[in-house]
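To start, the structure under review is shown below, and the notes come after it.
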Amino acid sequence: MKRSLAALFLGTFALGTTEFIVAGLLPSVAADLSISVPVAGFVITAYAIGVAIGGPMLTLALARVPLRTSLIALITTFTIGQAACALAPSYAVLVLARIIVAACHGAFFGTAVVLATHIVPPDRSGRAVALLLAGVTTANVLGVPAGSAIGNLLGWRFSFWSVLILGAVATAAITAWVPDIRPAQARSSRIGDQVMLLLRPSVSLTFVVIVFSMAGQLALFSFVVPYLTTVSHLSVDVVPWFLLIFGLGSTLGVLAGGRLADLRLDTTLVVVLLAQVAAYVAIVATGHLASFMLPFALVWGFAAFAFSPAAQAKVLHESGAAVGLASSLIPTAFNIGIAIGAAGGATLLGWSGTPAVLPWAGVAASGVAVLALIVSRTLGASTSASTAVRLG
């Protein structure tokens, strides 16, 4: 592995750890800041808002700054932000610090993706994107549990100090190892021009694919514990093993998806999305069997995340001079999908009264993602044909 890619991996590992670490600390945060647990939960929502909105805004603000300089500034601010979270004297200060950190998260990831794809040869860009995504999935397997354990043992503020250490290590590695690459294709400075590029079907519908794929996953995964305990009849003690197996599957899926994307990008997207539909159909049919669901976590995790490198590589390939803005909107699409999936799953659960219906949301949402991809390819082919006729 190139040292520069390893440095970027460390950065995304730190991002993934801090985004999800609070989920296991909400009771401690609520007690310390004298608020209710539901109110404390807004710290997670605030982070998602910061990534989805603050990330693209910060990317536009840094449009004319060299990529390496932007990365160092973003990861440094991210790291300092962990100290602000750890020292927050009130709930309002904690929320504000999390929003600032989240904006750096969104802009950092988008910038890192652009840099990573220019560090490696074009035929390895999918694998480069996959490595950055592996930083996030590895954080879910290792960083988040470790950080939560530290918080439960020493207090929630120590969890943020531990992420600060991760951020400091990533900052040092990026400063030392990431080269000052200036992509040959300059980023457009006019927002209107960039938006027009992103509105093309090949780009905009790929964002739709990301949103619906994530929505289908989160509709079930947000309530996976009640599903496993009431539908699959798994013991609560076994659920952490399910989550660990799912995390391993997602990491393998990200890495495999990156390699496959380098071979056949669109084909990989179609096959993986169809595999998602098949996975949810399998859960509908046999999810009530504990003996099926525990090992199937590996398959589900693999299918759920294997699409991600290919989808992101497609966005980057098709966005042209708007690549900087496009890459920062990728985390936005993921977070919109997460929000829609969680809200949709909650609504479906409230309507039906049983989590057994939730896999159907995965079938439907992944099916929409497949249709969006087919429409994207059809419209893209039509556009190319029309262009060829005009040129002829």
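The values are calculated or read from the model by the stated rules, or taken from the named source; none is laboratory data. Note that the structure is predicted; figures quoted are calculated from it, not measured. No Cβ is skipped: glycine too gets one built from the backbone with ideal geometry, and neighbour counts run over all protein chains shown. With ligands, DNA and RNA removed, areas are computed over all heavy atoms of the protein, side chains included. Shrake-Rupley method; radii C 1.70, N 1.55, O 1.52, S 1.80 Å.
Filter the range 291-318 down to the residues that are surrounded by fewer than 24 Cβ atoms within 10 Å (Cβ to Cβ) and of a type in the set (Gly, Ala, Ser), then identify the one that is farthest from the chain's Cα centre (by Cα).
Going through the qualifying residues, I end up with SER291.
Of the residues ALA361, ALA372, ALA322, which single one is more than 17 Å from the chain's Cα centre (by Cα), farther than 14 Å from GLY216 by Cβ and open to solvent by less than 50 Å² (accessible area, probe 1.4 Å)? So that I can check it myself, show each step before the final result.
Numbers: ALA361 fails: farther than 14 Å from GLY216 by Cβ; ALA372 fails: farther than 14 Å from GLY216 by Cβ.
After applying the criteria, what remains is ALA322.
Only one of VAL29, VAL51 is in contact (Cβ under 8 Å) with a residue 24 or more places away in the chain, buried (at least 21 other Cβ atoms within 10 Å of the Cβ) and farther than 25 Å from ILE210 by Cα. Can you tell me which? If you could, list the steps in order and put the result at the bottom.
Numbers: VAL51 fails: farther than 25 Å from ILE210 by Cα.
Checking each option against the conditions leaves just VAL29.
If you go through the range 279-289, how many residues are free of Cβ contacts under 8 Å to residues at least 60 places away in the same chain, assigned to a helix (DSSP H, G or I) and within 22 Å of LEU244 (Cα to Cα)?
So in the range 279-289, the residues free of Cβ contacts under 8 Å to residues at least 60 places away in the same chain come out as 282, 285-286, 289.
Those still in the list that are assigned to a helix (DSSP H, G or I) too: 282, 285-286.
Filter once more, so that each one left must be within 22 Å of LEU244 (Cα to Cα): 282, 286.
Total meeting the criteria: 2.
Select from the range 61-107 the residues that are among the β-branched types (Val, Ile, Thr) and within 20 Å of VAL169 (Cβ to Cβ) and list them in ascending order.
THR69, ILE72, ILE75, THR76, THR77, THR79, ILE80, VAL101
Starting from residues that are part of a helix (DSSP H, G or I) and of a type in the set (Gly, Ala, Ser), keep the ones in the range 135-157 and report whichever is farthest from LEU243 (Cα to Cα). Walk me through how you get there before you give the answer.
Step one: of the range 135-157, the residues part of a helix (DSSP H, G or I) are 135-154, 156-157.
When the remaining residues are screened for being of a type in the set (Gly, Ala, Ser), the result is 135, 139, 143, 146-149, 151.
Numbers: GLY135: 17, ALA139: 13, GLY143: 14, ALA146: 14, GLY147: 16, SER148: 15, ALA149: 16, GLY151: 20 Å.
Only one residue tops the list, namely GLY151.
Residues to consider are LEU132, LEU115, LEU96; find the one that is in a helix (DSSP H, G or I), open to solvent by 20 Å² or more (accessible area, probe 1.4 Å) and either at pLDDT below 85 or not aromatic (Phe, Trp, Tyr) (or both).
On the way: LEU132 fails: open to solvent by 20 Å² or more (accessible area, probe 1.4 Å); LEU115 fails: open to solvent by 20 Å² or more (accessible area, probe 1.4 Å).
Matching residue, one of LEU132, LEU115, LEU96: LEU96.
Consider VAL29 carefully, then state whether it is among the aliphatic types (A, V, I, L, M) and either in contact with a strand residue (DSSP E or B) (Cβ under 6 Å, 6 or more places away or on another chain) or over 27 Å from VAL141 (Cβ atoms) (or both).
Working: among the aliphatic types (A, V, I, L, M): yes; either in contact with a strand residue (DSSP E or B) (Cβ under 6 Å, 6 or more places away or on another chain) or over 27 Å from VAL141 (Cβ atoms) (or both): no.
When the stated conditions are applied, VAL29 does not pass them.
Just wondering, is there one or more residues in the range 218-229 that are surrounded by fewer than 23 Cβ atoms within 10 Å (Cβ to Cβ), in a loop (DSSP other than H, G, I, E, B) and out of contact with any Asp or Glu (no Cβ under 8 Å at 6 or more places or on another chain)?
Within the range 218-229, one or more residues are surrounded by fewer than 23 Cβ atoms within 10 Å (Cβ to Cβ), in a loop (DSSP other than H, G, I, E, B) and out of contact with any Asp or Glu (no Cβ under 8 Å at 6 or more places or on another chain).
Just need a number here: residues in the range 252-290 that are surrounded by fewer than 21 Cβ atoms within 10 Å (Cβ to Cβ) and of a type in the set (Ser, Thr, Tyr).
Count: 2.
Can you spot a residue in the range 161-169 that is assigned to a helix (DSSP H, G or I) and surrounded by fewer than 16 Cβ atoms within 10 Å (Cβ to Cβ)?
Applying the first criterion (assigned to a helix (DSSP H, G or I)) to the range 161-169 yields 161-169.
Restricting the remaining residues to those that are surrounded by fewer than 16 Cβ atoms within 10 Å (Cβ to Cβ) gives 165.
Yes, the conditions are met somewhere in the range 161-169.
At pLDDT below 90, more than 22 Å from LEU205 (Cβ to Cβ) and in a helix (DSSP H, G or I), is that true of GLY350?
Values: at pLDDT below 90: yes; more than 22 Å from LEU205 (Cβ to Cβ): yes; in a helix (DSSP H, G or I): yes.
Spelling it out, GLY350 is indeed at pLDDT below 90, more than 22 Å from LEU205 (Cβ to Cβ) and in a helix (DSSP H, G or I).
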